[in-house]
Amino acid sequence: MKINSSAKFFAELIGTFGLVLFGCGAAAIAGGDTLANLHGLGLLGIALAFGFSVVAFSYAIGGISGCHINPAVTVGVLLNKGISLKDAMIYIAAQLLGALLGAFVLQQVLQGQLAGFTPSEWSYGANGWGEGYQNEYNTTAAFITETVLTFIFVFVILAATSKWGNSTMAGLAIGITLVLIHLFAIPVTGTSVNPARSFGPALLAGGKALSQLWLFCTAPILGAAIAAGVWKAVQPRQN
């Protein structure tokens, strides 16, 4: 049965909306607005919020759109010839819009604090690096972290969802991988590996978060492209 483009668009929009709302919401509300204060849910809790979001939506919308909910994943699948350029553009537009809506809802909730809410340079769970952001890693460390971890993430997705992977368990494997990625990268960049996830919060936070958005677009896309190339090289060939 052929699934129309509008169904895929709304599936990706809703999935990305949920990822940003739950993941960035866990970081901003229960973990500290800029992720610098990791009490409450803590590092593991925030990592699980992102990972479980992917697991949930993998099984909810995977049959409709494949549950990319991440432009880097869409680019990786496109380069692996698993999606058309037209659908890839539809997916990315939906992901960016969904992320912005998720960040907007989070913003409205945070502004409802009776004691008042003052946005910081990296509000709403925005990603960042450098002076004033958590452990203050430099640009090189941030770029390497985002590139390498996106490579791992997209490689796992391509492998797990291939005919050689276990399609029944793919959503769980992908979610667990994202949890592990967050455990490593939250103290460095807040963990993006997803340009849409970074786009929504940065657009509303402005300031340094918005000025640093370029890294969270370029590094994940580069990592995804590398993953697609490596997967083509290592996947089994049929005789």
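Mean-square fluctuation check for the chain, GNM, Cα pairs under 10 Å: which of 189, 177, 118 is largest?
118
Counting only helical runs of four or more DSSP H residues, what would the 222 nm mean residue ellipticity of the chain come to if each run contributes -39,500 (n - 2.57) and the total is spread over all its residues? Don't skip to the end; give the middle numbers.
Details: 9 runs with 154 residues, N = 239.
That comes out to -21500 deg cm²/dmol.
Is any helix in the chain, taking whole DSSP H runs, at least 20 angstrom long along its axis by alpha carbon and on average at least -0.5 on the Kyte-Doolittle scale, and which ones? Mind dumping the intermediate values first?
Working: long enough: 5-19 (21 Å, 0.91); 42-65 (33 Å, 1.80); 85-110 (37 Å, 1.45); 139-160 (31 Å, 2.05); 170-189 (27 Å, 2.14); 213-234 (32 Å, 1.64).
The answer, listed by residue number, is 5-19, 42-65, 85-110, 139-160, 170-189, 213-234.
Where the accessible area of the range 56-190 is counted over protein heavy atoms with a 1.4 Å probe, how much of it, in %, is carbon and sulfur?
Numbers: 4020 of 6070 Å².
Looking at the range 56-190 in its full context, I get 66 percent from C and S.
Quick check: pseudo-label points 7 Å beyond the Cα along Cα→Cβ at residue 10 and residue 140, how many nm apart are they?
5.0 nm
Assuming 0.36 nm per residue, please report the length gained on full extension of the stretch residue 167 to residue 184 beyond their Cα-Cα distance.
3.5 nm
Calculate the FRET efficiency for residue 84 and residue 115 from the Cβ-Cβ distance with a Förster distance of 35 Å, rounded to the nearest 0.05.
Details: r = 50 Å, r/R0 = 1.42.
Step by step, r from the Cβ atoms, then E = 0.10.
Can you tell me the accessible area per residue over the range 46-196, all protein chains present, probe 1.4 angstrom, in square angstrom? Let's see the in-between values first.
Values: 6360 Å² over 151 residues.
The answer is 42 Å² per residue.
Just to confirm the filter: which chymotrypsin sites (Phe, Trp or Tyr not before Pro) across the range 142-239 are DSSP coil and have at most 13 other Cβ within 10 angstrom of their Cβ? Walk me through the numbers on the way to the answer.
On the way: sites: 143, 151, 153, 155, 164, 184, 199, 214, 216, 231; in loops: 164.
Counting only loop positions with at most 13 other Cβ atoms within 10 Å, the chymotrypsin sites (Phe, Trp or Tyr not before Pro) in the range 142-239 are 164.
Post the alpha-carbon centroid distance, the range 176-192 to the range 88-135, in whole angstrom.
Between the Cα centre of the range 176-192 and that of the range 88-135, the gap is 17 Å.
For residue 8, list the aspartates and glutamates whose Cα falls under 19 Å from its own Cα; do not include residues on the same chain fewer than 8 positions away.
87
The values are calculated or read from the model by the stated rules, or taken from the named source; none is laboratory data. All values reported here derive from a predicted model rather than from experimental measurement. Every residue, glycine as well, gets a Cβ built from its backbone with ideal geometry; the counts of neighbours run over all protein chains shown. Surface areas here come from the heavy atoms of the whole protein model, side chains and all, with no ligands, DNA or RNA. Shrake-Rupley method; radii C 1.70, N 1.55, O 1.52, S 1.80 Å.
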